[in-house]
Each structure stands twice: as C-alpha cells, then as structure tokens.
Protein chains: 4
Amino acid sequence: MTTIKDSIHGYIEVDPTAAAIMDTAPIQRLRYVRQLGTVQLVYPSANHTRFEHSLGVYHLASRAVEQLGLGADLSERLRAAALVHDVGHGPFGHQTEPAIERHLGRHHDEIGWLLSETELGTVLVDQGLDPDAVAATVDGRGPLGELVSGALDVDRMDYLVRDAHHTGVPYGTIDHDRLVYALRIVDGTLALESGNVASAESALIARTLMNATVYRHHVSRIAGAMLDRASERVLSDGVVAPERFARLTDEELLATLADHEPTADVATRLRERRLYKRAIWARREDVPDRFRGLEYDRTRALEREIAETAGVDPTAVVVDSPAEPTSPESRARIVVDGELRRLEDRSSLVAGLDACAREIWRLGVYAPPDALEAVRDAAAAVFDVTPEIAP
Amino acid sequence: MTTIKDSIHGYIEVDPTAAAIMDTAPIQRLRYVRQLGTVQLVYPSANHTRFEHSLGVYHLASRAVEQLGLGADLSERLRAAALVHDVGHGPFGHQTEPAIERHLGRHHDEIGWLLSETELGTVLVDQGLDPDAVAATVDGRGPLGELVSGALDVDRMDYLVRDAHHTGVPYGTIDHDRLVYALRIVDGTLALESGNVASAESALIARTLMNATVYRHHVSRIAGAMLDRASERVLSDGVVAPERFARLTDEELLATLADHEPTADVATRLRERRLYKRAIWARREDVPDRFRGLEYDRTRALEREIAETAGVDPTAVVVDSPAEPTSPESRARIVVDGELRRLEDRSSLVAGLDACAREIWRLGVYAPPDALEAVRDAAAAVFDVTPEIAP
Amino acid sequence: MTTIKDSIHGYIEVDPTAAAIMDTAPIQRLRYVRQLGTVQLVYPSANHTRFEHSLGVYHLASRAVEQLGLGADLSERLRAAALVHDVGHGPFGHQTEPAIERHLGRHHDEIGWLLSETELGTVLVDQGLDPDAVAATVDGRGPLGELVSGALDVDRMDYLVRDAHHTGVPYGTIDHDRLVYALRIVDGTLALESGNVASAESALIARTLMNATVYRHHVSRIAGAMLDRASERVLSDGVVAPERFARLTDEELLATLADHEPTADVATRLRERRLYKRAIWARREDVPDRFRGLEYDRTRALEREIAETAGVDPTAVVVDSPAEPTSPESRARIVVDGELRRLEDRSSLVAGLDACAREIWRLGVYAPPDALEAVRDAAAAVFDVTPEIAP
Amino acid sequence: MTTIKDSIHGYIEVDPTAAAIMDTAPIQRLRYVRQLGTVQLVYPSANHTRFEHSLGVYHLASRAVEQLGLGADLSERLRAAALVHDVGHGPFGHQTEPAIERHLGRHHDEIGWLLSETELGTVLVDQGLDPDAVAATVDGRGPLGELVSGALDVDRMDYLVRDAHHTGVPYGTIDHDRLVYALRIVDGTLALESGNVASAESALIARTLMNATVYRHHVSRIAGAMLDRASERVLSDGVVAPERFARLTDEELLATLADHEPTADVATRLRERRLYKRAIWARREDVPDRFRGLEYDRTRALEREIAETAGVDPTAVVVDSPAEPTSPESRARIVVDGELRRLEDRSSLVAGLDACAREIWRLGVYAPPDALEAVRDAAAAVFDVTPEIAP
C-alpha cells in the first residue's frame, strides 16, 4: 500500500492496482486540469485539480465498498472506476464539454475510446480488470455503477467538500463521513439507511448553494463562454483535431488559442483577467420561454444578429442561455419505515431547492467593455428584455 | 484592550467596558451553563458554554457596529447587550425555560430584574450605560435591537458555527463573515445588501438541519423532558425559590435534584445516562391536531391518565408535544433591485424549509425501560396513534 | 457497532464491549470532569471533557491495533484500557492529583481499586476481559501497555489535537494520522517506522509549546494551586473521605468547598474568577536550587513563614514551585537505518526542547490582591529573589 | 473596497490602489505560478499559486500596518510592496531562481527592472506610489521593509499556514493572528511584544518541520534539479532570452522544454511523473566538506565526471548538493524584560532547530531508473560515500 496525503481526507491508502493506474499519462494529465476551470478568476484559491479530486473519489469508493462488504472483484472494479472517472474531461472540464460533444460526439463519461487508445486500457488489463466493465461503471451502468455516477455517488461527496475547502466558501461542507456510513444495498440498489434524510438533503442543499455562489458565478460563466467560442474556432479552423483537443491540459488549450490569430485576444483576456462584461443579465421570469436553454446553432445565430444590429464584430457578442437546472440528488433512495423511497418523496426541501435553482438561472449576454452599450441595446431588443443588470 | 482566544473567532479584542461586565458574577456563571444543555448526552463533544458563546456574540456585534459605522454610544450599548444577552438563561438554558416561565413569569430575554438585583446593573451604570436601554436591546427593542435579537442577529451567527464546531456536525458552518460584511441599515432597519440571498438562506438551512440532527435529537429531548418534570417538582415542593432556581448552574440544578428524594432518581439517570426510552414517537400527520403543541397542564393531565391506564407511577410517563416550528430568519430583510424585501418573499427555499421543519416534528411519550411496553399501549390508546416508533 | 460523532475524529465506531464499558457510572462521570481543569479560566472554549477524550483515545487505539495487525484478545484489552485509562482521575484531573496521592497513596494510573469497587470491574469480566490485565495496561505494563501509556501512546496523540481544537491554540495540531500509520512492533516494542523523525518531533514540540501557552499558563496554575490548598483542607478536616473525594466531579468538588466555611471563599473566587495574583514569578536561574521542585510539607511551611512575615492569614499565601520538567516523548523509539533508536539520540531538537521546558519554569507565589504587596516583600526575602514579575 | 474570498483568511478587503495593481498582467501572471512548484508531485493538493499567496501577504500587511498605527503613506507603500513581493519570481518560483541568477544576475527580490519595463511601474505611479521605494521595500530595505522581507515578515506568516492547508500537512499551522497582534515598533525596528517567545518559536519550528516533510522532500528536489538542468539548456541554447524566461508561467516553461529536442524528455518525465531516482542520498556527516554546498560549475563538472565513469549520457546524472541551511527567523527581535533581544538569544530551541536543519541536509545524485546502478557506483566513488540510500 502506498499512502498519499490529501488536503481533504488526510492519508489515502492506494492499493497496487490503483497505483499502477495512477502512473499512466492520462491520469497524470489530470494534475493540469483544474477542478473548477475558470472559477479561479473569482475565487483565487480554487486551483485544485481533477487529479486530487480523483484520488479523493477513489478514497471514498474504497471506504464505501468496505462499508457495503462487497466482494473483491466488484470492489476492485469500483475503485478503479472511481479513480479514472474524470479521465474523459477535456481542458477546463465542463467548460469545453459542449465543444467536444459537438466535434467528437462524446460526453466526458464515455471513456471507452480513451481506454482503447491509451496505455490506460493496457494497464487495466494487466491488473486483471475488464476495461469495458470499468468504462460502463464510469458511465453509471452495471453493478453499483451508481456509486460512481448516480444520485448518491462518491464523486459528488468529494467535490462539494473539496470545492468548499479550496474556495473558502463553507456551504459545501457536507458530512461525507456519515453519508458513506449510511450506504446500504437494498433490493440490489444503493440507498441510505433509515434516519438519514437530513444528510441526503444536506448534499442537495450544498450543491444548490455552491451553484449560487461558486459554480454559476457570472464571472466564471463569462470566462467559460469566451472559452467555448474560442474553442469552437480552433476546432472549426482545424488548428487542433478533436481527439487531440479533448486531451489538452488547461494551459495547453490557452497556448493553442494564443497561437491562433483569431483567438489570440481571448487567450490574452483570460490570462490577464480582462473579461467581457454583462450587457444583459436577465431573470428567468423576464425571459420569454423560447430564449431559455438555447441550442448552440440558435445561440450563434442570435450572437450574429445582435452583433449586426450593434455594429460590432461577431466575436464581441457572447450569448449564454443555459438549460433548465436538474437535481439528480433528489432521486437518491432512502429507507423510510423499512421501505425504499426517493428523497424527493420524503423531503419537504426538494421542491424548495428546485425552485431555488430556477431562481438563480440567468440569461447572460456578454461583450467587451468598449462594445457594452451597443450590445446591450441590441440584445435587449432581440431578447425583448429590459436592459438592466439584475444582481 | 484585552484579547481572549476563542476556538471559533480566534483573538477577540475586549474593550474596557466589556471587560468590566465580563468580570461580574452573573456573566462568570455562564461558564457553568452548557450552550446545548443535554445535547452532550448525544454528542459528547458538545460541552461549550454560554460564556464562550456570549463572548463570540460580543465579537460579532463589535464587527457589525464597525461595519455599519455606528456612533460610539449606540455601539457601546449594542456590544454590551450582545455580551449580556444570555444572562437570563436558567440552568440548561432553553430546557428549564418553561419551568422558569411558569413560576417566575419571565422569558430569558427579559433581564431587567437581573440588572437591578445584581452587580451587573451597577457595573453598567459605572460604565456610563443605561441598564434599561441595554435590557431593551437584549429583548430586541430600541435602536438596532434586532442586531442582538432579530431575524439577522449575531446570536444566531455565532451559535450555528459554534455548535457545528463542538458537535462535529458540519451543517452549521454558515459564512458568518459574509453575513456581517453584508449588513446595512436601510430605512432605519437592518438588512443585507443586494446579492446575499444565498447567504441568508444558508443560515436558515443551517438551523433547519441542525434542528434535525442536533437540537431536536430525541435523546436530548428525552433528557430535557425528564429535567423539566424534575424541575417542576423541586419548584412546586418549594425546595428552591424560582428566583434562585433561575440562577443555578447546570450542575447546581443536578445537585438540587439529587438532594430531593422525589427527584433523586432523575438526577442519577441524567448523570449516568440511563434515560427513559421512546414509548411513542409519532409524526405530525399521524397525530390529531388537538394533541399538537399541548399546554403544560394538559400535558401533565395526559401523563397522569396514561400512567393510570398503564398502572405505573405518574413520574414514569413523560409526554412531549412541542409547539409548531417557526422560522424567524425568513423575515430577514434583504435588498433586491434596490428595494427592501423579506427573505421569505425572495427565497424559493423558505417554504421548503418550513415544510421540512414540520417533517421533523414528533410527538414523544417516554418511559423507563421497565415500564415501556405498558406505557406504549396506554399512550397509543390515549393519543389514538399506532405504537410504532417512526425513525 | 454503535457510532458516535466526535469533534476531532468524526464518526467513531464503538464495539459492543466498549459500548458496555461506556455505559458504566465511572465512565459516564468523566463527562463532568474537564480535560483541562481550570484552563477554561484562561481559554474560555476549553470545556472539553475526559469523556470525549477517552472516546478519542479508544478510537486511536482501535486504529493502532488494526494497523499493527494484533490478535483479537490483545486488541480488545488495549481498546478497553484506552477507554478506561482516565477513570482514575479525580475532579479537575491533574490538579487534584497531589492531594489524592497524599491522602490515598494512589496515582491516577492505578485503577485496580476502582475496578474492584465499582460496576466497571464486573462489566469487564462480563465482557470476557481480565480487570487486572486491563489495569496493568492502563499503567503502561504488560504487552503493548506502552500504546496506552508510554512514549508513543495514543493518549498524547489525542489530547494534543483536542486541546488545540478546543482552546483555539494551533500549536497542538500534530499529524496523529501519520503517527498511527507509522507504528510498528520491532523486537517486541513499539516503534515508528523509518522516515518519521519529523513526526515524532512534532509531538514533542507540540507539547512543549502547549505547555508554554496553555498547560502552564499562570492563571490556570494560580487557580490550580488555590484548588489544591482548599482540597487539602476539606480532606484534612474530614469533610469528605479520600475515596469519595477521588470520585467527585469538578462541580461536586466546588460545591463541597462552598459548603465548608474555611474553603468557601476559594470556591466563590474560582466560580467568579476573582483569583489570587502573582506576588512572585521568578525564572529558574533566579531561584536557588533548594527552592526548586519543593516537597509539599516544605511548601506549606514556607507559606506559613511568608504569611507570618507579611502579617496576613496563612490561606492568603500560595507557593507554587513545580518539579523539573521531563519529556517522555524523547524516549520514543524509531527505526533509523534498520536499527531501533531513541528519538533523543536521533533528533537534534530534543536537547533544545528540554532547555525550552526549563526556560518556561517559574516559581510562583500568589496572594489575594489586597495582600499582594505585603506577600511580595515577605516572599522575596524568604526566597531571596527580586520581587519583579518576569513575563 | 473590493472583497475577495480566500481559503485561508476568509474575506480580504482590497483597497483601490491594490485593486489597480492586481489588475496588471505581471500580477495576474502569478495565477499560473504554483507556490510550491514541483511539490504537487508529492502532495497532489499543493496547487495553490503565488497569486493567492500574494493576496494573503497583502492582507496580513494591511492588518499589521493598522496594528502598528502607521501613517497613510507608509501603510500604502507597505501594502503595495506586500502585494507585488513575488512578482520577480520566475516559473516554478525558487526552482528556477539559480538559472535566472546565472543568466540575468538578478535575485527574485530585485524587482526594479520589472517595474520599469512593465505596466506595473506605471500603475504604481498613477496611484501616487514611488516604484523605487516599493522595490526597495520588497527587498527588505527602507522604513519597515523588514515587514515584507525580514525575520518577522508577513510573507512567512502566510506561506506556512497556506502550505499546510493545501498540502494537508499540519505542521505549518502557526498562530499568525497572534504574531500580527504582537507586532510592535521598538527603537525603529520591528519586534514582538513581551510574552511571545513561544509564538516566535512556533514559526521557526513550523518552517523546520515543513522543510523536513514538504519543502525538501526528495521527490520534489529531484524534479526541481531536473528542471534546473533543462532550464539551463534552453537558456544556453538561446531558445528563450533570460528576460523572457523569467516571466514565463510554469506551464509555458514546460511547453518550452517540450518544444526543444534536448529537453523534451525531461518535459515528458515531469508531465507524466516519471522522475529520476536517487542513486545517492547521503547524510551531512558522511559527505566530505568539500562536497557540501557545491558551486554550479563544479556540480556540472562532477556530473560529467560521473557520467563518463558510468558510461551514460551526461544528462542522465544530476548532482544536488544544497547550501547549508540558514534560519532568518532566529534573528527576530522580541521584547524581554523591557529590552530588545534576538530570538536566538532568548530561545533555547533555536540551537536545536539549527541542528535539526543540518540533520535533514542530504547530498543527492539522481539518475533515470535504467542508469541507476551504474550512476550509483560511479557517484559513490567520486564522492567517497557509501552507496546506500539513507531514509
């Protein structure tokens, strides 16, 4: 057993299989992909990486399989899946996910291709693991795949606490110890034992509050949207192949953007934190239905329309209309009076949290400071919203 | 300036007026009144006291008056009120409050009598403070009294974090730094500046979750109910005068109970943690309206009725039917779009949290282990509930 | 397995044997004995108890026996010994230890008498444990007794971290996780595996710094010395039998002092924190050899002499000349280059720390404020020291 | 005032001058320079940056100038110097410092050239500050320059705590609050007020223990030495000009190494954590004087000599013989008995800590795994040491 010191879980014992997996290039690459992408432009301490998070998820999975008393083979597969679960993330994690999906047709949880194309697959086989089964587990399929990706997964238990520790925002401090202790297998599915409604709610609450103050902070959203447009450009221009793009580190992507003239300005702006500003920041109730959760093509067409009206370059307009929020945690199962129930059926909080998530939804239109006024007027007309910036 | 090290706030600077107040016997007594009463029987680390909490509330008040830019006189009064705000608590704090109210007719926030009867009042006068004004502030009245007792008070900001630190339960970890920074006076009333809905919600959430896991834990409720019945007995029997009772420490009360034959058994049970058990533990929806939030006389009559039916001594039955929950935090004011709003009007969470508070409500009937079965059957009949113990 | 939430170690799993032991009156009593006695008069948050500490020591012992791969019987004995290791402490722990030794002839680590006289012994037998073997282990004797009481014991690992958490003083934050991981049995004795000199030093450093800022703080020493004199009086006056005295709680002792006229004043002074002050506070190098580490009878004779010279009541003079400091941690064994060495032979820090411990040694003479000047002059003459108060 | 949330200090208030300085490219660049360079290869959570550290140092400087009651102009200069104090660091901070000194002749504390060549100088002037005075302060010169760079500087107070928080190693947890509170100006120089010897020692201890477990960990030293050799190569080969090199980010340096054929292998090895291993790791007492603290040219000559003997490529041998340790903290001034003393004259620990620092000194010779044996034999002969790896 190797032990590694972690800022969240203290000493983490790493079994030999996991140690071999960790030593591969695809996992080592995660040292250079920040867990929260551009959030560090708002919370300067948020520089933790997907590598340390992966190690933390592995640790919680190890404790969970022990708690559940699982057999050796399944335990090993679950631990391995926990360790590699984020290997499919591109640079800046979720923030380049849409661009990768458009060009590669793959979600970050689909890691089969990575296993077959890199040494990672070979190492799994060498360690007696079936790469397909590991890939399925990462995608939440197969026996107890839900432990790695599901309503009660250890991914969530790690990132909420870790993000809280590294941003300094306390809302994510859930009681992951208790959640792991409370895990049970009931009727073949993962559930929390009786008496843990409050713990299950706390994870849901933590994510809702972290969304409001960290994950969906407007400065990070602006930077993320700028990054998406520039990523699209280097991909469309053939500067970098999609398969290669998906395996860049954060900094390699910035270097790629800096080296391509049409995206060089965005690279400098991100580096020096000279970001676009909010021209429009509109609440859900003020935005017509048809403008919520816009498809990508429609988004780009609207950007061009606004740019034309405003008389500015199309790259000077970024429209950001995210999809409606969802809350997977609310489907967590919990034992109540000896029966299995969904959290949402037992918790009086879930509806409130869903409403809360809708409350923080915003339509954003962003532009460089010198084009802000023109873009605001044009966008207000296009979206039929009043141009004030709601807080 | 004296500085005192605190486990929550680090170094606390104590001004000379506060230092003089701290040196009085009524404040020193708070060293011997646990902040959470019998909760230590569930969470063994929860031994923090109302003394250190008072110091913490004083510290947050000091920072708040500075943040708000208040004048010297008002600042001094608010700081003093923060420091003495808990001086009216009897032994075990809230857990003997009903007994004290029955016999003394006073709530713990009414401290006027204490100021006039003890050296505390003299010290306040010596320090140039008006005891009546300080007493009014503690009661939430007068200029900015709401800072000490109100929807956004510093009392709450301290105890949630302190209770989390000392129990080891993380849900109370609100961002008190941000709440204090966000305080504003708008139209003469305390409010949070724009952009702090999530922070305000976090305090409400923290209390709801701490209620579910700590404050309303059934073991602590059982011990508290046993304490109330024994307190009633020593007061009714004239063993100790109400004015004296209200100023006992936790341990002095236990010693008083131990020395009086009819209450000696309860004292030993509390000391050795051999508590009554739950005969009935019924959800709100299973309990007829007329049995929720029972008046004290009615409660005692029901206990006698159940005891008679069960054929046990009346002291072997304790009925615990608390009042409906309230949430003062939901009335906190917050600036939204330049206007003052109530949190409950802006937060989609408040309704969910109110429902959640109703969810954790329980009717309890408690009895010694050897009388449990008999009391359960008798109580189930009297309350018309099924005798299962809901979790 | 029962689980209990602790502020330091999170969830602690308690095995059935330990649960039965915990439920006995002698262990429950530890809820009412503060870990740091009168230190709460300096650090108001230091109200943690020997009960929660005992639980923490049990937890570390559980992890250590697992780490060392010990057999079931020895493991159970060590865990039980860890849990009961402090049961022999009198009220205020170390602060009444000298009085108890004078009157009862027993050190707190000798718990055999307690096991035979209380239900604790019976419960141990019921659980298949040998009370004599458990008592020997608590005293550091028998197989791996050093894990409970020795240079690398789990007692120390818990209290340094717990005292830091509850006082707010950070110096005690040693890496107990690493120390437990590093435990090995080499040649039948407990040792740290190679590469852990820094970890071993950290425990020694932590205690040295905690001594300087917390454990030997003059305010706590004054209160402790006052307590000792009053304890001596109630014991000498036969107010309470030594066996009974040794089993009082903190508050029961204060009540006992308050009820006896000659000690009532001290009880009130401790309660209201109106303590004696330093008349003399002299460094080691300024105090003649013969006055360092005074025997008790000599101490009391000197107090009478000073009182007479000063013309004050003998109870108005307290002389406090502690023994020379020792450092058991420096004898911890550690593997270096494959061989077993003492930490003091490998660590360049040990000598420095020993000197540091001598540095903070002080001779104190304490008196009530109104007798301070008279006592100072008399004591300076008796001890042949200059009367300044060194910081 | 802008406020920024920090993982260590909570909310940091940033004055307008500091906000303007923060917005410059040289300061924003520090977001991409890790505080601990290659330490993240040992402690995966150690990804915090010189940007957040600079903010923390600024915060402590703000509190210190307030505590000391300094005038507005000096305060502003000290705060600005605190914020920019690390701007002179090259990529990977201290780890490229020798290469930069060899080629540029400048230490990282000499930032005058940066101020005159970048927008940073202009912004300082715009804010009414004298760039030369700020540069002198960063270098520890001028009025209270020692607050930014000296025995009691705020740099140290921040990094010890921050490095502890982000590595998860607890030894760095000094009491920076108390140190700042204890700062005084005595005879025109910075000192700690009486009664703070233990606090001053704690900073010295923390650094000694952090050295042993974190800063001087052999894996990080190996990576750092590999980085130095590769940096030397790209500088010598003229791949990048020294002035440009000094302003690269961590990742830009790795990209530069990857693009130059002779250093590409090192870049991949660092990226994938396939590092050289220890061929020799010898204690101070086993290494002849003439081989301790080797000059750079001599080091490289020895590498070539060893490589020739071993029959391997010269890049396959890295010799690492650091200078003797120093301890600036031991010269901190402290008030004792009303007089100003050096900590080293008052603390019995300093000599022990100095010896401890010598204890952890090691001569290292590193090589790729496939050349390890050959290099070990050759190096043992050259250095006249036994080839075992001391732990």
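Run lengths n ≥ 4 of DSSP H only: what is the helix-derived mean residue ellipticity at 222 nm for chain D, with -39500 (n - 2.57) per run over all residues, to the nearest 500? Before the final figure, lay out the partial values.
Numbers: 19 runs with 195 residues, N = 391.
The per-residue figure over chain D is -15000 deg cm²/dmol.
Taking the 0 to 90 degree range and rounding to the nearest ten, how far is the long axis of helix A:250-259 tilted relative to the main principal axis of chain A, both from C-alpha atoms? Helix A:250-259 sits at roughly 30 degrees to that axis. The orientation-averaged projection of the convex hull spanning the C-alpha atoms of the range D:172-284 amounts to 11.4 square nanometres. Neighbour counting of Cβ atoms within 10 Å sorts the residues A:Arg29, C:Arg63, fewest neighbours leading, into C:Arg63, A:Arg29. Near the amide H of D:Asp15, within less than 5 Å, lie no amide hydrogens of residues on another chain or at least 5 residues away, with H placed in the peptide plane.
Across identical copies of the chain, A:Val125 has label-point separations of 6.6, 6.7, 9.2 nm, listed in ascending order, with the point defined 7 angstrom from Cα along Cα→Cβ. Each label was represented as a point 7 Å from its Cα along the Cα-to-Cβ direction; for D:Asp237 and C:Arg358 these points are 6.0 nm apart.
When the Cα positions of B:Ile100, B:Ala206, B:Tyr181 are compared along the charge dipole of chain B, B:Ala206 comes out farthest toward the positive end, with charges on each C-beta of Lys, Arg, Asp and Glu. Checking the a/c ratio against 1.5 first, then a/b against b/c, what shape does the Cα gyration tensor give for chain C? Cα axes put chain C in the oblate bin.
Hey, with R₀ at 56 Å, roughly what FRET efficiency would A:Asp313 and D:Glu66 work out to, going by the Cβ-Cβ distance, to 0.05?
Working: r = 47 Å, r/R0 = 0.84.
The calculated FRET efficiency here is 0.75.
List the aspartates and glutamates whose Cα lies under 17 Å from the Cα of D:Lys277, skipping any in the same chain that are fewer than 8 positions away. By straight Cα distance, D:Lys277 reaches A:Asp23, D:Asp228, D:Asp265, D:Glu303, D:Asp313, D:Asp320, D:Asp370, D:Glu373, D:Asp377, D:Glu388.
Please report D:Asp250, A:Asp139, C:Asp377 as a ranked list, fewest other C-beta atoms within 10 angstrom at the top and most at the bottom.
Working: D:Asp250 24, A:Asp139 19, C:Asp377 15.
In increasing order of surrounding Cβ atoms, one gets C:Asp377, A:Asp139, D:Asp250.
Based on the Kirkwood approach, the hydrodynamic radius assigned to the range C:2-216 is 17.5 Å, with every pair of different Cα atoms included.
Inter-copy label distances for B:Ala355: 0.8, 6.9, 7.0 nm (label point placed 7 Å from Cα along Cα→Cβ; shortest first). A Gaussian network model of chain A, with springs between Cα atoms under 10 Å, assigns the largest mean-square fluctuation among A:Ala135, A:Ala151, A:Ala25 to A:Ala25.
For the range D:93-209, rounded, prolate or oblate, judged on the Cα gyration tensor with a ≥ b ≥ c (square roots of eigenvalues), a/c < 1.5 rounded, else prolate if a/b > b/c?
On the way: a/c = 2.26, a/b = 1.41, b/c = 1.61.
It comes out oblate by the Cα gyration axes.
What is the mean number of Cβ atoms from other protein chains located within 10 Å of the Cβ atom of each residue in peptide B:248-254, rounded to a whole number? Walk me through the numbers on the way to the answer.
On the way: counts 0, 4, 2, 7, 4, 0, 4.
Partner-chain Cβ atoms within 10 Å, mean over residues of B:248-254: 3.
Modelled spin labels at A:Thr386 and C:Asp23, positioned 7 Å past Cα toward Cβ, are 6.6 nm from each other.
When chain A is turned onto chain B, its residue with the beta carbon nearest the axis, and that distance in whole angstrom, is A:Gly352, 1. Applying the Karplus relation 6.51 cos²θ - 1.76 cosθ + 1.60 with θ = phi - 60° to the range B:67-75 yields 3J(HN,Hα) values of 4, 7, x, 6, x, 4, 5, 5, 4 Hz, where x marks Gly and Pro. Amide H contacts of B:Val186: B:Ala191, each under 5 Å away and 5 or more positions distant or on a separate chain (H built 1.01 Å from N in the peptide plane; Pro and chain starts excluded). With θ taken as phi - 60° and the Karplus curve 6.51 cos²θ - 1.76 cosθ + 1.60 applied, the whole-hertz 3J(HN,Hα) list for the range A:370-376 is 6, 10, 4, 5, 5, 5, 4 Hz, x standing for glycine and proline. Convex hull of alpha carbon positions in the protein assembly as shown: directionally averaged projected area 55.5 nm². Relative contact order for the range C:2-216: 19 percent, from Cα pairs under 8 Å spaced at least 6 residues apart, divided by residue count. Taking the Cα centre of the range A:45-198 as origin and assigning +1 to Lys and Arg Cβ atoms and -1 to Asp and Glu Cβ atoms, the resulting dipole is close to 320 debye.
Taking the Cα centre as origin and putting +1 on Lys and Arg beta-carbons and -1 on Asp and Glu beta-carbons, what dipole magnitude results for chain C, to the nearest 20 debye?
On the way: 43 positive and 63 negative charges, 162 e Å.
The dipole of chain C has a size of about 780 debye.
Each of A:His89, D:His217, C:His48 was scored by other Cβ atoms within 10 Å of its Cβ. Arranged with the fewest first, they read D:His217, A:His89, C:His48. Model label sites at C:Glu101 and A:Arg331, defined 7 Å from Cα along the beta-carbon direction, differ in position by 6.7 nm.
For chain C, modelled as a GNM whose springs connect Cα atoms under 10 angstrom apart, the maximal fluctuation among C:Ala332, C:Ala46, C:Ala381 occurs at C:Ala381. I need the shape label for the range C:297-391. Rule: rounded when a/c is under 1.5, else prolate if a/b > b/c, else oblate, with a, b, c from the alpha carbon gyration tensor. Prolate.
Sorted from shortest to longest, the distances between the C:Pro16 label points of this copy and the other copies are 3.7, 6.6, 7.3 nm, with each point 7 Å from Cα along the line through the beta carbon. Based on Cα contacts under 8 Å between residues 6+ apart, chain B shows a relative contact order of 16 percent.
Each reported figure results from applying straightforward, stated rules to the coordinates on display, with no laboratory input. Just so it is clear, the structure is predicted and the values come from calculations on it, not from any experiment. Quick reminder, even Gly has a Cβ in these numbers, built from the backbone with ideal geometry, and neighbours come from all protein chains shown.
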